[in-house]
Amino acid sequence: MKNNGLTLKIFLLIVLNDIGDTIAQFFMKKGLNQVGINDIGLGNIAEFAVKGSSSPLVWLGILVLILNFFLWIVILSRVDLSIAMPVGSTSYIFVAIVAMVFLHEHVSLLRWVGIALIVFGIHFVSQSTKGGREAKT
């Protein structure tokens, strides 16, 4: 039977999925940087395909995304989509940190404020699931 509420186990699976997504995005960005792909448009899509597919990091990122897909299917089988998606927004936090630390990207104060608002939103969504279960019993 499907439990529509957010349990600690499901929350941790969602966070694991977000960490996997962050790792995949990092590998793909790092791989594209290494092969010199900075700007993709319709005119250079063939160049992108050739260069991008030559990067082991891009392929590693794709592999992690495939594994993440199966983890996401498990998550969706156990919790409502309207809960899983907002809670899955923790990847915004992880991506900003990884981008700063490993890719040396600048994350502005305004972006951090936005990320903080997302964290508050995650909290409110997780609290709303508790209220919904109490109302049913």
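Computed quantities for the displayed model
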read-out: Within the range 20-44, tally of residues that are at pLDDT below 80 and either under 22 Å from M100 (Cβ atoms) or aliphatic (A, V, I, L, M) (or both); value: 4
read-out: Test for L12: is it out of contact with any His (no Cβ under 9 Å at 6 or more places or on another chain) and surrounded by 13 or more Cβ atoms within 10 Å (Cβ to Cβ); value: no
read-out: Of the criteria (1) in a helix (DSSP H, G or I); (2) surrounded by fewer than 17 Cβ atoms within 10 Å (Cβ to Cβ), which one A24 fails; value: (2)
read-out: S77 vs. criteria touching a Lys or Arg at 6+ places or on another chain (Cβ under 8 Å) and touching a residue at least 24 places away in the same chain (Cβ under 8 Å); value: yes
read-out: Extreme residue, modelled with the highest pLDDT, among residues of the range 108-137 that are over 24 Å from F94 (Cα atoms) and of a type outside the set (S, T, N, Q); value: K130
read-out: Residues located in the range 101-124, provided they are touching a residue at least 12 places away in the same chain (Cβ under 8 Å) and among the aliphatic types (A, V, I, L, M); value: L103, I115, I118, V119, I122
read-out: Boolean, S82 is over 30 Å from T7 (Cβ atoms) and hydroxyl-bearing (S, T, Y); value: no
read-out: Lone unmet requirement of (1) among the charged types (D, E, K, R); (2) over 26 Å from G121 (Cβ atoms); (3) in contact with a Phe, Trp or Tyr (Cβ under 9 Å, 6 or more places away or on another chain) for D18; value: (2)
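The values are calculated or read from the model by the stated rules, or taken from the named source; none is laboratory data. The model shown is predicted, which means the values in this text are computed figures rather than measured ones. Backbone-built Cβ (ideal geometry, glycine too); neighbour counts: all protein chains shown.
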